[in-house]
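The values are calculated or read from the model by the stated rules, or taken from the named source; none is laboratory data. Computed from a predicted model, the values in this text were never measured in an experiment. All Cβ positions, glycine included, derive from the backbone under ideal geometry; neighbour counts span all protein chains shown.
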Amino acid sequence: MATSSRFSSVIQLTDLDDFITPSQECIKPAKTQNAKPITSSGSAKIQIGEDGTYSQLNKEGRPEKLQKAQITLNDCLACSGCITSAESVLIGQQNHMEFLKICKDIELSLPSRSFDKVVVGLSCQPILSFANKFQIPPEEARAKLSALFRQLGAVKVFDVESFSDLCLVECGQDFVHRYREQSSNSTSIPVLASACPGWICYAEKTHGNWILPHLSEVKSPQQIAGVLIKDVLPNELQTSASRLAVVMIMPCFDKKLEASRSDFFREDQQSKDVDFVITPVEIEQILEELAIEFVDLGSSQIDSLDGTADTAWSVPSGSGSGGYAEHVLRFAAKELYGMTLEHVKFQPLKNSDIREAFIEKDGEQVLSVAIVNGFRNIQNLVQKMKRKKRTYDYVEIMACPSGCLNGGAQLRTESMETKALTANMEALHSKLEHRQIDDVKVNKLNHVWLGKASPEEHQNKLRTSYHAVQKSTNALTVKW
Amino acid sequence: MARLDEVCKLPGHQGIVWNVGWNHEGTILISCGEDKTVRLWARNINSENNLWVCHSILSDGHQRTIRSVSFSPCNKLIASASFDGTCCIWEKKTSTEGNQYECTATLEGHENEVKCVAWSASGSFLATCSRDKSVWIWEVGEDGDFECAAVLSAHTQDVKKVVWHPHQDILASASYDNTVKLFCEEDDDWVCFGTLKSHDSTVWSLAFDSSGKNLATCSDDRTIKIWKEYLPGNQFGIATSDNTPTWKCVCTLSAVHPRAVYDISWCHQTGLIATASGDDAIRIFRIDPESDPHAPTLEQLVTVPRAHEQDVNSVAWNPVITGLLASCSDDMHLKVWQYKG
Ligand code: SF4
């Protein structure tokens, strides 16, 4: 069953309602830029012109053309009326063509350009997707992608994984804190990972208030990277945060939803933490647009965060989605029970998309974590939680079956079935160098970045919050 | 001349009656509707004229219209699907006061209205479908737990009906996207292995024949169609792909139903096909035994023009008692009919 959507299937399922198409019945009130308050009594008269434009009759009875309502993706996300339009709204809002235009504007130093510099974060899943499609070693794919973005004008290209450690350390600490709190707080355990926006969107829209306290408040590596880059780099690059475009290369469109959350917009700098999310399918389109063959790309280095030349590539040990469950288990075992785990083995249950690992002390299970991928397994977990059954202490939840390696916007080859494809991707991922968190490095990075930050500021940089979306039940939409 | 005689008319529901069915022994008639109740009806053995009477009302399980009900093959469980987005499992508890049904599980997960629920022949699976365009397969656990085994988003619109193959774990679904999809289990997941396209409008319902090799569908386009399964390597030259069978439309009956056809039931004993239609009529057909099995023709045997006072929503042949048919309607009534050939 081929779906052409670049979103996770969870997003596709949530509140998609084709009976209400946004153009016809979007329930968001139209906001007009220069809306004048109607002070006189009586209702405003609105005319629809032959060209389909809306005009409002002013006091003298002369028509004034009304602004077309702009509905942003964020409006769609916060609304439960429909989200069918999300994909098209998104494509309008941050498609790769817009990104290309920005690169071009910078190159030509156009006065009208909206950004001055571009910084790119490459996530490992898209790299592996190109490696798999073109049958080249992942290191080579990584160097080629880096070359492509430098060619487009990026002043820095980072691995998103170099920001992962900040995220993982925070996840571990958050978990241990909540684990210790569980006797006094019934919603502290299980802790559910929040790095997957597909899952977050589903939790906020469908389950809302009862489940949100279980979500880990730690931002995803993408968002942490955005904050850090905009905090640290403008100085070095002699620009401001709002003039620096942060571009993340991610495996799904869901990550675009994440980047456009209003929680990730900084009022003080009037800028988004992450300005663009570009996915492998769009990179292919960019290549096509520029008439470049991927294999012909040169190779370029990746910048390291601390400016050292140490650019050996490694990814966090554990799943291809970012290794959350494995890190939390290791960290908590050490912190809570003084145990150093050599090997963490996740045991598949009913299907390979639900895997669990636990540790025992004196023959008793003291910690249990799981990796839960794909909608059906998320469903079963959520329903168990709802019925107050025991589940796990920590769960790495990812909306895509097989997790991020199988993201909705990864490259597919027609000749290869999804199963074989994910098996290949997993094999490629397992051969990468897997690292454990290097505390020294993280502390150094934290010091450079957050050195003088107060605990509140620290919290602001690394944590976020979630909001339930109220369901609207509109009797008119009933269809037999 | 073939006839369809009305055996009895059953009032009771306080609103539209959406769905009728039988238990697998054919002794209990089951119905559900707008009044948020499920009703069980049995033959009153004391009455001379063999009337059917309501002996249990299952209420308080759902908050909105109940659109569909289904008996498990073991007859101990009933599943009901509602517009409140849930599906309830009712279990038979025998006590000194007789049989009671209790809601023992509520299956949640669909985003909105659940349109249909069906038990697989093996009893190991339950399927539900919804306006949210998805088809869900639930695995029945030993401890009475239901686990979601698959969420299938193959349809592009509201899914109206799900029906299981009579012998295998194969599911067919009918949708507002004008297609029928077929699903089977592959490794540890369920996959869509066939899309049946030919109807011009919503496919409202579908029914397998007793062999499971033929499928009848009915639609808002006022036609009914017969589809035939062709296995890979068949000797009739029908192409198949990926080693899965092809389902080919071998017969279309149009110009008979003046309105939408809402339901179709294929009797596994007699091979008779009954339809429920928006023109208030019930019609009985059979496949002309003289016709070519690869291009069969349907023979209309009976029409009961005003079978109900309003739309007929559902028809169901009794699985045991030959020729006994149940129907229900917007007119708040059920009816039981006897076919005489
Ligand atoms: S699992 Fe990964 S790829 Fe899939 S939606 Fe979530 S973040 Fe995106």
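With respect to the stated conditions, B:ARG39 fails to be within 14 Å of another protein chain (Cβ to nearest Cβ), basic (Lys, Arg) and under 20 Å from the mean Cα position of the chain (by Cα).
Quick test for you: out of B:THR202, B:THR195, B:THR244, pick the one residue that is within 14 Å of another protein chain (Cβ to nearest Cβ) and within 16 Å of the chain's Cα centre (by Cα). Spell out how you get there, then give the answer.
Details: B:THR195 fails: within 16 Å of the chain's Cα centre (by Cα); B:THR244 fails: within 16 Å of the chain's Cα centre (by Cα).
Exactly one of B:THR202, B:THR195, B:THR244 is within 14 Å of another protein chain (Cβ to nearest Cβ) and within 16 Å of the chain's Cα centre (by Cα), namely B:THR202.
Among the conditions (1) of a type in the set (S, T, N, Q); (2) more than 17 Å from B:LEU334 (Cα to Cα); (3) within 14 Å of chain A (Cβ to nearest Cβ), the only one that B:ASN46 does not satisfy is (3). Applying the condition of being within 16 Å of the ligand (Cβ to nearest atom), more than 30 Å from A:ASP439 (Cα to Cα) and of a type outside the set (Val, Ile, Thr) to the range A:200-223 and asking which residue is farthest from the chain's Cα centre (by Cα) yields A:LYS205.
Would you say A:SER112 is modelled with pLDDT under 95, among the small types (Gly, Ala, Ser) and within 16 Å of the ligand (Cβ to nearest atom)? Walk me through how you get there before you give the answer.
Details: modelled with pLDDT under 95: yes; among the small types (Gly, Ala, Ser): yes; within 16 Å of the ligand (Cβ to nearest atom): no.
Against the criterion (modelled with pLDDT under 95, among the small types (Gly, Ala, Ser) and within 16 Å of the ligand (Cβ to nearest atom)), A:SER112 does not qualify.
Looking at A:THR413, A:THR391, A:THR418, which one is of a type outside the set (D, E, K, R), closer than 30 Å to B:THR106 by Cβ and touching a Lys or Arg at 6+ places or on another chain (Cβ under 9 Å)?
Working: A:THR413 fails: closer than 30 Å to B:THR106 by Cβ; A:THR418 fails: closer than 30 Å to B:THR106 by Cβ.
Of A:THR413, A:THR391, A:THR418, the one residue that is of a type outside the set (D, E, K, R), closer than 30 Å to B:THR106 by Cβ and touching a Lys or Arg at 6+ places or on another chain (Cβ under 9 Å) is A:THR391.
Tally up the residues in the range A:208-222 that are touching a strand residue (DSSP E or B) at 6+ places or on another chain (Cβ under 7 Å) and in contact (Cβ under 8 Å) with a residue 60 or more places away in the chain, please.
Looking only at the range A:208-222, we keep the residues that are touching a strand residue (DSSP E or B) at 6+ places or on another chain (Cβ under 7 Å), and these are A:214-219, A:222.
Remaining after also requiring in contact (Cβ under 8 Å) with a residue 60 or more places away in the chain: A:214-215, A:217-219, A:222.
The total comes to 6.
Only strands (runs of 3 or more DSSP E) wholly contained in the range B:109-190 count here; list those with 2 or more residues that are at the interface with chain A (Cβ under 9 Å from one of its Cβ atoms), over 20 Å from the mean Cα position of the chain (by Cα) and buried (at least 21 other Cβ atoms within 10 Å of the Cβ). Even if it seems obvious, please write down each step before you answer.
Working: elements: B:114-119, B:125-130, B:135-140, B:146-152, B:159-164, B:170-175, B:179-186.
The strands (runs of 3 or more DSSP E) meeting that bar are B:146-152.
The residue list A:ALA259, A:ALA333, A:ALA312, A:ALA357 contains one member that is within 16 Å of the ligand (Cβ to nearest atom) and either touching a residue at least 24 places away in the same chain (Cβ under 8 Å) or within 14 Å of chain B (Cβ to nearest Cβ) (or both), which is A:ALA259.
So, in the range A:381-413, how many residues would count as being over 18 Å from A:TRP210 (Cβ atoms) and charged (D, E, K, R)? Write out each step before concluding.
Narrowing the range A:381-413 to residues over 18 Å from A:TRP210 (Cβ atoms): A:393-394, A:396, A:398-413.
When the remaining residues are screened for being charged (D, E, K, R), the result is A:393, A:396, A:412.
Here the count works out to 3.
Of the residues contained in the range B:144-153, one or more are found to be touching a Phe, Trp or Tyr at 6+ places or on another chain (Cβ under 6 Å), of a type in the set (Val, Ile, Thr) and at pLDDT below 95. Out of all the residues in the range A:347-357, is one or more within 24 Å of the chain's Cα centre (by Cα) and of a type in the set (Ser, Thr, Tyr)? Yes, the conditions are met somewhere in the range A:347-357.
Screening the range A:224-256 for residues that are within 14 Å of the ligand (Cβ to nearest atom) and touching a Cys at 6+ places or on another chain (Cβ under 8 Å) and picking the one that is nearest to A:VAL160 (Cα to Cα) gives A:PRO251. Is it the case that the range A:241-250 has a residue that's within 17 Å of the chain's Cα centre (by Cα) and assigned to a loop (DSSP other than H, G, I, E, B)? Yes. Scanning the range A:374-420 for residues that are under 26 Å from A:LEU341 (Cβ atoms), among the hydroxyl-bearing types (Ser, Thr, Tyr) and away from the ligand (no atom under 11 Å from the Cβ) yields a total of 3.
Considering the conditions (1) within 16 Å of the ligand (Cβ to nearest atom); (2) more than 21 Å from A:VAL176 (Cα to Cα); (3) out of contact with any Gly (no Cβ under 6 Å at 6 or more places or on another chain), A:ILE371 is excluded by exactly one of them, (2). Remark: A:ALA245 falls outside the filter, which requires a residue to be within 30 Å of A:TYR392 (Cβ to Cβ), small (Gly, Ala, Ser) and outside the structural domain of A:GLY407 (by TED's automatic domain parsing).
Report the residue count in the range A:374-415 for those that are surrounded by 14 or more Cβ atoms within 10 Å (Cβ to Cβ), within 14 Å of chain B (Cβ to nearest Cβ) and over 20 Å from A:TYR179 (Cβ atoms). Give the steps one after another, and end with the answer.
Residues of the range A:374-415 that are surrounded by 14 or more Cβ atoms within 10 Å (Cβ to Cβ), as a first pass: A:374-385, A:391-412.
Right, trim to within 14 Å of chain B (Cβ to nearest Cβ) and you get A:374-385, A:391, A:399-402, A:406, A:408.
Filter once more, keeping what is over 20 Å from A:TYR179 (Cβ atoms): A:374-380, A:382-383, A:399-402, A:406, A:408.
Result for the range A:374-415: 15.
Which of the strands (runs of 3 or more DSSP E) contained wholly in the range B:236-341 include at least 3 residues that are in contact with a helix residue (DSSP H, G or I) (Cβ under 6 Å, 6 or more places away or on another chain)? Write out each step before concluding.
Values: elements: B:246-253, B:261-266, B:273-277, B:282-287, B:298-304, B:312-317, B:324-329, B:334-340.
Ranges flagged: none.
When the helices (runs of 4 or more DSSP H) confined to the range A:85-199 are screened for residues that are closer than 18 Å to A:MET250 by Cβ, touching a residue at least 12 places away in the same chain (Cβ under 8 Å) and more than 18 Å from the chain's Cα centre (by Cα), those reaching at least 2 such residues are found at A:96-107, A:124-134, A:138-151.
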